[in-house]
Amino acid sequence: MEWRFTASNRPGPAASALNHAIVDVKSLIDRDLASIWHPCSQMSDYQDFPPLPVVSASGCRLRLADGREVLDAISSWWCKSLGHGHPAVTAAINQQLASFEHVILANTTNELIVGFAEQLLTACQQPAASGQRPAASDQRPAASDQRPAASGQRPAASGQRPA
C-alpha cells in the first residue's frame, strides 16, 4: 500500500515539500519493527497488530496512511491537551525557533523560561521568595544531588554539604 502526501492531507508549512513524497506502508512497518522499541507494549503483539502509520494530525484526530482518521485518545501521553496543530502553540513554537530552538538550562537562563516559571508559581499561588521553584527538567537528579529536583531546591555545589 502506498500513500501520497498532498497539501490537502498534510497540515503545516512543510506540506508543499512533501507533495510528492510516497510512503510504502509495508516497508515503513517492517523497518519500524526492525529498529524501534515501542514503549508500554509487548513487541510480539505488533506482528498481529502492526503500528498505525500516521501521516498527519489535527486537533484530536490522527490521519493514517490509508486515509482513515482515528481519535487520538492518548494524545501523546496526555501532553497534547490542546490537540495537534493548535494555532497558538504552532505560532509560539515558530516564534521561539526564530530566536533559538533549545538551550540547556544548566547555568543559562532566558526571558521565556523565567516568565513561564513565574506564571507556574502564580498559578500555584506560591511566591518566588518561598524558595520553592518549578523544576525545568524531566530528568532524575544526578547521583551527587542530595535532593530531588522536584523539591525546588538547588543541589549542593561540589564539595559542599546540603543545607
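Residues in the stretch 116-128 that are surrounded by 10 or more Cβ atoms within 10 Å (Cβ to Cβ) and small (Gly, Ala, Ser): Ala117, Ala128.
Taking the criterion of being in contact with a strand residue (DSSP E or B) (Cβ under 9 Å, 6 or more places away or on another chain) and of a type in the set (Asp, Glu), the only residue of the stretch 71-110 that qualifies is Asp72.
Computed from the coordinates by the stated procedures, all read-outs in this text should not be read as laboratory data. No experiment lies behind these values; they were computed from the predicted model shown. Cβ: placed from backbone, ideal geometry, glycine included. Neighbour counts: every protein chain shown.
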